[in-house]
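This report refers to the structure that appears directly beneath it.
The values are calculated or read from the model by the stated rules, or taken from the named source; none is laboratory data. In this text, all values refer to a predicted model and were calculated from it rather than measured experimentally. Cβ placement follows ideal geometry from the backbone for every residue including glycine, while neighbour counts extend to all protein chains displayed. Note: areas computed on protein heavy atoms with side chains; ligands, DNA, RNA excluded. Shrake-Rupley method; radii C 1.70, N 1.55, O 1.52, S 1.80 Å.
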Amino acid sequence: MAPDALGRLTALGRTVSDRGLLARALRRLDDGHGLAAKIAAEPRVEEVVAQFASRLLDAFGPLSALRGQAVLDIACGSNTSRSPTTGLRTAAFEPWMCRLLAELGAHPVGVDIGDLDGETFVHHRVDLAVAGALDFLVTGSFDAIHESRLFGSPEFRAAHGRATERIRREIHQQERRLLRPGGILIHSDGRPAAASRSPHLGQ
Ligand SMILES: C[S@@+](CC[C@H](N)C(=O)[O-])C[C@H]1O[C@@H](n2cnc3c(N)ncnc32)[C@H](O)[C@@H]1O
């Protein structure tokens, strides 16, 4: 019998321990957020969750290493986010990374311009295009920062035009400020995500 979507996502784990942690987290995402039904309605949701799980496995090695880690997710997705191609609300851009991180025992903090009311992880509604939008977050307070599909999104580029590069530079400067020495940066702008250690301690 072909595995179902949650089974396929669980199989991304590279060890018995990671598959166990993933299986539990995915079951909880299903109970709390209807993950399987959303995948059935929009197969793209499976792709997004698979990407996020793979990025965590690549960046952290064993998923058990995530326990207790403070992780900032920039433009984390929201319950009002829309598809840049159809303009319609999509479950693909709900805050799956923060939800997954929370179920894996990390302490995610999500920032997004969209609605995150009702989410149990720490979240802030901010417009990242406004100068100093992340000033309120404490320097060096994150073990990892994830930034995915904000600056690459046609929606953001259409809204901010030539200012996009200036905003991108400011947000990246903020990321360097917010990441603790030796912390992990996971970036993607439509390309496969790359994870790197913060250079400023050489750890
Ligand atoms: C394409 S979705 C990506 C969601 C998630 N990061 C991912 O990789 O699937 C882009 C997200 O950026 C958010 N966003 C767009 N413009 C923003 C802004 N000016 N400030 C904060 N968030 C913004 C949207 O609300 C949406 O959740």
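Amide H contacts of Gly183: Ser198, each under 5 Å away and 5 or more positions distant or on a separate chain (H built 1.01 Å from N in the peptide plane; Pro and chain starts excluded). In the range 50-201, the alpha-carbon atoms span a convex hull of 107 Å³ per residue.
For Ala163 and Ala50, the FRET efficiency from 1/(1 + (r/R0)^6), where r spans their Cβ atoms and R0 equals 41 Å, is about 0.80. For the set Thr85, Thr164, Thr15, solvent exposure ranked by accessible area (probe 1.4 Å, protein chains only) runs largest to smallest as Thr85, Thr15, Thr164.
Rolling a 1.4 angstrom probe over the chain with all protein chains present gives an accessible area of which 55% lies on carbon and sulfur atoms.
In the full protein context, the chain carries 49 Å² of accessible surface per residue, based on a 1.4 Å probe and ignoring ligands, DNA and RNA.
Against the criterion of solvent-accessible heavy-atom surface with a 1.4 angstrom probe, Phe136, Phe121 sort, most first, into Phe136, Phe121. For the chain, a simple Cβ point-charge model (Lys and Arg +1, Asp and Glu -1, everything else neutral) yields a dipole of about 460 debye relative to the Cα centre. With a cut-off of 15 Å, note down the residues of the range 48-80 whose backbone N falls inside the zone around a label point 7 Å from the Cα of Ala195 toward its beta carbon. Answer for the range 48-80: 50-73.
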